[in-house]
2 protein chains.
Amino acid sequence: SEYVAPADKRRQYISGFSGSAGTAVITQDKQAVWSDGRYFLQAEDELDCNWLLMKEGEPDVPTILEWLKLELTSGMNISADSTLIGSSEWLNYIKELGDINMIEIDENLNLVDEVWGNDNVTSRPPYAEDEVFIHDVTYAGRSWEEKVDDVRAEMLAQDADLIILTALDEIAWLFNLRGNDIPYNPVFRSYVTISANESNLFISPNKVTDAVRIHLKDVNIFDYDNFLSHLDSIQANKVMIPNAYSYAGGASYAVYSRIVEEARFLVTSPVLLMKAMKNPTEIQGMRNAHIKDAVALCDFLCFMEKEIKAGNDWTEISAANKLADYRGEQDGEKGLSFTTISGFGSNGAIIHYKPTSATDKTIDTSSLYLLDSGGQYLDGTTDVTRTMHYGTPTSLMVETYTRVLMGQIDLAMAVFPDGTMDTRTDILARGPLYEIGLDYNHGTGHGIGMFLSVHEAPTQVRIYGVEDHPFRYGYFFSDGKKLYLLE
Amino acid sequence: SEYVAPADKRRQYISGFSGSAGTAVITQDKQAVWSDGRYFLQAEDELDCNWLLMKEGEPDVPTILEWLKLELTSGMNISADSTLIGSSEWLNYIKELGDINMIEIDENLNLVDEVWGNDNVTSRPPYAEDEVFIHDVTYAGRSWEEKVDDVRAEMLAQDADLIILTALDEIAWLFNLRGNDIPYNPVFRSYVTISANESNLFISPNKVTDAVRIHLKDVNIFDYDNFLSHLDSIQANKVMIPNAYSYAGGASYAVYSRIVEEARFLVTSPVLLMKAMKNPTEIQGMRNAHIKDAVALCDFLCFMEKEIKAGNDWTEISAANKLADYRGEQDGEKGLSFTTISGFGSNGAIIHYKPTSATDKTIDTSSLYLLDSGGQYLDGTTDVTRTMHYGTPTSLMVETYTRVLMGQIDLAMAVFPDGTMDTRTDILARGPLYEIGLDYNHGTGHGIGMFLSVHEAPTQVRIYGVEDHPFRYGYFFSDGKKLYLLE
């Protein structure tokens with residue numbers, strides 16, 4: 001998952017870097033974190049001098065593989081938690097590392113957890129045990145039985161006996177269920193297998209209420225912890241195993257390696273593609289949610305303009321809390337869709353900035369205020385970025401703000417045929433900035449879930465992306481550029 | 001080569017279809033031609049009822065491979081002239097056809113030539129034996145010795161002992177030579193091998209003058225016909241063999257299969273990439289050539305407007321000839337860069353239309369006149385498309401013309417960073433047409449040579465392309481949309 005439960009924030013625990021994307025690699029004498037352009041400033045701030053920061057995509061910065069080849073010698077061993085690393089990544093390491101061995105360690109042993117579980121200062125938090133709840137068909141538009149039928153039709157078309165689902169948002173969407181296991185993401189820790197005659201859901205039994213059991217009819221419910229051993233008992237000729245695709249990490253190597261070699265069939269999950277194409281009920285819900293979210297945001301922006309001009313005291317944190325209150329007034333609101341990015345002045349230049357008590361700035365009339373936030377509603381998920389200046393912006397601020405807006409409108413107004421690749425539309429958004437030699441170091445748009453993940457596969461409007469994804473009718477995506485200026 | 005000598009137009013001879021792109025496949029009881037959207041109308045016109053036309057990319061049209069699998073059964077044999085088919089295509093056939101065998105026949109036996117050579121009506125024309133000539137360094141900007149040094153540096157960087165060059169424009173560019181072997185393309189039939197100490201040019205000896213021998217200094221000159229057998233004598237550990245990339249077809253399977261398996265190293269030709277990035281002298285030459293070409297075109301357009309309005313008799317062919325005369329008045333003109341597409345009314349809807357005495361229409365004030373033409377000059381190559389109406393266009397013509405022009409200007413004015421992918425810029429050109437639900441069934445832009453091929457690898461501005469190519473500073477490309485309307 002892109003977003004994980006607090007109990008799974010192992011990279012943050014071990015390195016201190018809290019960004020949503022990054023990988024830590026530890027050898028006997030060095031440790032390094034790789035992250036992307038959104039997090040360079042934040043990672044420099046959070047990592048101490050014991051850690052190397054590897055800025056992905058910058059000149060002369062090695063990839064993880066290149067670095068491992070430099071640091072290690074023939075015959076040395078590498079491992080990772082095979083339940084957490086994607087199968088394609090693991091297989092690539094095996095292929096590329098040659099004489100350096102990729103070894104599996106006990107699936108129940110995670111080396112970070114060994115330290116974290118015994119750390120009295122930062123003891124490892126438990127997993128949530130909140131109950132899952134039914135997402136009513138009046139929001140979902142289709143029953144889970146119809147969705148499972150579609151999955152089986154796709155299995156038949158691909159001549160597969162079984163499909164394994166490992167993406168939490170796919171499982172939530174497929175069964176019209178939601179949960180509270182991961183902050184900002186209404187999903188629950190689970191696995192699913194579907195064959196021609198059986199559907200099996202692996203989930204902590206405490207989370208399943210009687211109402212959910214009735215809702216799920218003949219779906220077999222097994223304990224989450226029994227999933228991997230269940231795979232050993234599978235007898236199938238062809239098993240669809242989700243591959244990494246866009247924001248979806250795909251099945252872990254532990255899942256992949258449990259399936260006998262002849263039966264492995266790595267595919268883009270058909271549920272991923274079905275979920276991305278919103279049905280008419282979901283489309284209407286997304287529109288409703290965005291209208292409600294806009295009301296909350298307008299309330300807030302109007303309030304803030306008066307407050308700041310009156311000289312009242314508001315900080316990044318108190319403003320974000322106020323906005324959350326306004327969102328909470330809306331029908332069907334179910335919390336935020338991600339940590340609010342509320343950044344004043346130089347803090348607005350940290351792309352995925354989250355204010356803390358140590359960094360919290362007072363918002364006044366002297367600089368830009370960047371606000372990137374979103375809400376979860378029973379009928380949709382939102383993600384909205386706005387930049388304000390409550391005083392007199394500089395001419396550079398005016399010019400760049402205008403050009404960001406021009407590009408945002410150009411992409412928003414664009415008409416293009418079904419099947420157009422996402423990477424091939426982004427120049428519309430960047431063009432006005434390119435004209436004056438400027439650019440921004442993050443994607444322009446991403447798919448959005450319907451009361452699900454704020455970053456949803458497959459869409460990524462990203463001119464520098466290496467993977468193309470076709471747009472289909474019914475897809476939703478964001479069109480966001482943060483106007484950030486280093487002071 | 002994309003363009004070939006008359007002696008090599010085997011597909012045209014056997015099928016009747018004369019377009020610049022297409023493949024004929026013949027089984028014991030069927031024959032079919034595959035071509036792309038630019039040629040659907042022309043192919044329907046030229047192919048008789050004995051031939052199946054396969055419209056590439058249309059729904060339910062099989063690829064060649066899919067069709068072969070349907071038509072043939074296990075154990076049957078397929079062949080092609082291994083000296084003419086690219087190695088990657090041949091290898092793909094071997095991989096995909098399974099139990100159907102890909103067999104090599106004698107490299108000196110071409111089955112079409114067996115028929116054509118004995119056909120008294122359409123006897124096979126001979127290859128040209130025109131002498132090659134030196135392209136002066138005042139145009140080329142760099143000596144061939146400097147270019148060969150760059151190639152050797154790249155070989156060293158890739159740890160290769162030898163490179164084989166098979167693309168005619170790469171060989172012409174590398175040695176600052178030009179020829180007349182292929183209409184509209186100032187190249188000569190040849191092969192090249194370069195090692196750390198030796199450069200070998202394989203060419204018909206009659207084409208090499210004393211001046212060229214002096215120019216080439218210590219380059220070994222061998223007979224063209226000895227090239228394949230020369231490959232048998234090669235002793236090298238790693239041989240760079242050009243792979244198919246964009247408009248470049250790559251080395252033939254006959255070349256590839258002559259190199260011992262352990263030494264084969266398929267790469268994008270480094271000469272292809274060097275040639276695309278024009279040096280300052282070439283850039284200045286391309287600008288000069290375009291100015292001269294624009295003078296010729298303005299002369300012609302001014303002349304034609306008066307003539308047609310005066311009611312004088314001009315046809316597609318006579319107009320194209322008049323334009324060629326104007327181009328001929330310019331300094332350093334060396335003929336046209338492709339067959340002039342001069343199409344009036346419905347003929348303008350045939351994307352790569354070439355007027356013949358059977359189709360030649362009179363140009364008058366009743367419809368659109370499409371003119372797509374270009375010239376070869378010692379200092380550059382041009383490709384310009386213009387659409388005229390000498391009477392009163394319909395409102396649909398006005399709207400579509402305006403939107404084509406808007407897109408053309410948007411792409412022409414675009415600024416983007418070095419390394420931007422060509423496929424990711426095309427939406428700028430198509431956007432204004434997309435807005436009203438229109439599109440065109442061809443690429444928008446292609447790389448252009450410098451007194452070389454009018455279609456030059458790698459650039460293809462084509463939103464529907466499957467291969468991305470990065471733009472680099474110094475690349476030239478066209479920005480062309482044909483306004484064509486079925487009447």
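The values are calculated or read from the model by the stated rules, or taken from the named source; none is laboratory data. Model, not experiment: these values are computed from the prediction. In this analysis, Cβ positions are derived from the backbone assuming ideal geometry, glycine residues included, and neighbour counts consider all displayed protein chains. These area figures cover heavy atoms from the full protein model, side chains too; ligands, DNA and RNA do not enter into them. Shrake-Rupley method; radii C 1.70, N 1.55, O 1.52, S 1.80 Å.
Per the helix-only calculation at 222 nm, which mean residue ellipticity applies to chain A, given -39500 (n - 2.57) for every DSSP H run of n ≥ 4 and division by its residues, nearest 500 deg cm²/dmol? Calculated at 222 nm, the ellipticity per residue is -9500 deg cm²/dmol.
Backbone phi angles across segment A:447-453, fed through the Karplus curve with coefficients 6.51, -1.76 and 1.60 (θ = phi - 60°), yield HN-Hα couplings of x, 10, x, 10, 6, 8, 5 Hz in residue order; Gly and Pro are listed as x.
For a paramagnetic label modelled on residue B:439 (point 7 Å from Cα along Cα→Cβ), amide N atoms under 16 Å away belong, within segment B:455-478, to B:461-467.
As an exercise, identify the GluC sites (Glu not before Pro) in segment A:73-106 lying in DSSP coil whose Cβ has no more than 13 other Cβ atoms within 10 Å. Intermediate values should be presented prior to the final figure.
Working: sites: A:89, A:96, A:104; in loops: A:104.
Here the GluC sites (Glu not before Pro) that fit, given the DSSP loop and packing criteria, are A:104.
For the residues of A:411-421, the average number of beta carbons from a partner chain within 10 Å of their own beta carbon is 4. Mean separation of Cα pairs under 8 Å and 6+ residues apart, divided by the residue count of chain B: what relative contact order is that in percent? Answer for chain B is 13 percent. If you take the Cα centroid of segment B:180-202 and the Cα centroid of segment B:363-422, the two points sit 35 Å apart. Helix B:395-413 and the long axis of chain B differ in direction by around 50°, with both axes built from C-alpha atoms.
Considering Cα pairs under 8 angstrom that are at least six residues apart, work out the relative contact order of segment B:163-211 and quote it in whole percent. Display every interim value, and only then the final one.
Numbers: 58 pairs, mean separation 15.4, N = 49.
Dividing the mean separation by the residue count of segment B:163-211 yields 31 percent.
Going highest first, how would you order B:108-114, A:128-134 by mean Cβ packing within 10 Å?
Numbers: B:108-114: 13.6, A:128-134: 16.3.
Descending packing order for the listed peptides: A:128-134, B:108-114.
Quick check on segment B:67-165: take the gyration tensor over C-alpha atoms, sort the square-rooted eigenvalues as a ≥ b ≥ c, and tell me if it's rounded (a/c under 1.5), prolate or oblate.
Details: a/c = 3.76, a/b = 1.46, b/c = 2.57.
Oblate, since a/c reaches 1.5 and b/c is not below a/b.
In order along segment B:366-381, phi translates into HN-Hα couplings of 8, 7, 7, 10, 9, 10, 10, 8, x, x, 9, 10, 4, 10, x, 10 Hz, rounded to whole numbers, per the Karplus curve 6.51 cos²θ - 1.76 cosθ + 1.60 with θ = phi - 60° and x for Gly and Pro. The modelled label-to-label distance for the pair residue B:266/residue A:358, using points 7 Å beyond Cα in the direction of Cβ, is 5.3 nm.
With each label modelled as a point 7 angstrom along the Cα→C-beta vector, the residue B:310-residue B:131 pair spans 4.3 nm. Taking the Cα centre of each part, how many Å lie between segment B:102-176 and segment B:203-236? So the separation of the two Cα centres works out to 11 Å. Pairs from the table (B:275/B:361; A:147/A:207; B:278/B:306; A:69/B:95) lying more than 30 angstrom apart at Cα are B:275/B:361; B:278/B:306; A:69/B:95.
Scanning chain B for trypsin sites (Lys or Arg not before Pro) that sit in a DSSP loop and have at most 14 other Cβ atoms within 10 Å, the longest stretch containing none of them is B:218-487. Accessible area of residue A:215, 1.4 Å probe, to the nearest 10 Å²? Surface accessible to solvent at residue A:215 totals approximately 40 Å².
Using a probe radius of 1.4 Å on protein heavy atoms only, what is the accessible area buried between chains A and B, both sides summed, to the nearest 100 Å²? Please list the in-between numbers first.
On the way: alone 22600 and 22600 Å², together 43820 Å².
Approximately 1400 Å² gets buried when A meets B.
On average, how many beta carbons from a partner chain sit within 10 Å of the beta carbon of a residue in B:422-428? Mind dumping the intermediate values first?
Working: counts 0, 4, 12, 4, 2, 11, 4.
For peptide B:422-428, the averaged partner shielding equals 5.
Relative to the 2.2 N^0.38 Å rule of thumb, segment B:289-396 has a C-alpha radius of gyration ratio of 1.04.
Compared with the alpha-carbon gap, the fully stretched path from residue A:105 to residue A:221 is longer by 38.9 nm at 0.36 nm per residue.
Provide Rg over Rh for segment B:178-319; use the alpha carbon set for both Rg and the Kirkwood Rh (inverse mean inverse pair distance). Can you show the working numbers first?
Values: Rg = 22.0 Å, Rh = 19.3 Å.
With Rg and the Kirkwood Rh in hand, the quotient comes to 1.14.
In segment B:104-184, Cα pairs under 8 Å separated by at least six residues give a relative contact order of 40 percent.
Ordered by solvent-accessible area of protein heavy atoms (1.4 Å probe), largest first, the residues B:73, A:392 come out as A:392, B:73.
Taking Cα centre as origin and charging only the Cβ of basic (Lys, Arg, +1) and acidic (Asp, Glu, -1) residues, the dipole magnitude of the protein assembly as shown rounds to 1660 debye. For the protein assembly as shown, taking the reciprocal of the average inverse distance between every pair of different Cα atoms yields a Kirkwood hydrodynamic radius of 32.4 Å. Annotation: the antiparallel percentage among DSSP beta bridges lying fully within chain B is about 70.
Nearest to the axis that brings chain B onto chain A is this chain B residue, judged by its Cβ, with the distance in whole Å: B:424, 3. Could you work out how far helix B:316-328 tilts from the main Cα principal axis of chain B, as a 0 to 90 degree angle to the nearest 10? For helix B:316-328, the angle is close to 70 degrees.
Considering only DSSP states other than H, G, I, E and B, which chymotrypsin sites (Phe, Trp or Tyr not before Pro) in segment A:424-487 qualify as loop sites with at most 14 other Cβ atoms within 10 Å?
On the way: sites: A:434, A:440, A:451, A:464, A:471, A:473, A:475, A:476, A:477, A:484; in loops: A:440, A:451, A:464, A:471, A:473, A:475, A:476, A:484.
Filter output for segment A:424-487: A:473.
For the pair residue A:303 and residue A:26, what calculated FRET efficiency results from E = 1/(1 + (r/R0)^6), where r is the Cβ-Cβ distance and R0 = 35 Å, to the nearest 0.05? FRET efficiency, residue A:26 to residue A:303: 0.15.
Using only Cα atoms, locate the centre of segment A:25-91 and the centre of segment B:53-68, then give the distance between them in Å, rounded to an integer. Cα centroid of segment A:25-91 versus Cα centroid of segment B:53-68: 46 Å apart. Consider a paramagnetic label point 7 Å from the Cα of residue A:287 along Cα→Cβ; state which residues of segment A:124-140 have an amide N under 18 Å from it. Output list for this probe position: A:138-140. Using a 7 Å projection from Cα along Cα-to-Cβ, the label point at residue A:291 is separated from the same position in the remaining copies by 6.1 nm, smallest value first. Between residue A:44 and residue A:79, the contour length at 0.36 nm per residue exceeds the alpha carbon distance by 10.0 nm.
Among the GluC sites (Glu not before Pro) in segment A:144-224, those placed in a DSSP loop whose Cβ has at most 16 other Cβ atoms within 10 Å are A:198.
Per-residue mean of other chain beta-carbon atoms within 10 angstrom of the beta-carbon, peptide B:458-470? Can you show the working numbers first?
Values: counts 0, 0, 0, 0, 1, 6, 5, 2, 2, 0, 5, 0, 0.
Mean inter-chain Cβ contacts per residue within 10 Å come to 2.
Given a 1.4 Å probe and heavy atoms of the protein chains only, how would you sort B:304, B:76, largest accessible area at the top?
Numbers: B:304 0, B:76 80 Å².
Sorted descending by solvent-accessible area, the residues read B:76, B:304.
What does the C-alpha gyration tensor say about the overall shape of segment A:1-56? Classify as rounded when a/c is under 1.5, otherwise prolate if a/b is larger than b/c, or oblate. Oblate, because a/c is 1.5 or more while a/b does not exceed b/c.
Where a ≥ b ≥ c are the square roots of the eigenvalues of the C-alpha gyration tensor, would you call segment B:157-243 rounded, which needs a/c under 1.5, or, failing that, prolate if a/b is larger than b/c, or oblate?
Details: a/c = 1.72, a/b = 1.54, b/c = 1.12.
Because a/c hits 1.5 or more and a/b exceeds b/c, segment B:157-243 counts as prolate.
Counting heavy atoms of the protein chains only and a 1.4 Å probe, report the per residue accessible area for chain A as a whole number of Å². Spell out each step's value before the answer.
On the way: 21910 Å² over 487 residues.
In whole numbers, chain A has 45 Å² accessible per residue.
Determine, from the Cβ-Cβ distance of residue B:145 and residue A:409 and an R0 of 56 Å, the FRET efficiency 1/(1 + (r/R0)^6), rounded to the nearest 0.05. Don't skip to the answer; put the middle values down first.
On the way: r = 54 Å, r/R0 = 0.96.
Calculated transfer efficiency: 0.55.
For chain B, the longest principal axis of the C-alpha atoms and the axis of helix B:280-309 are separated by about 40°. With coordinates expressed along the principal axes, the C-alpha atoms belonging to chain A extend over 69, 57, 49 Å, beginning with the largest.
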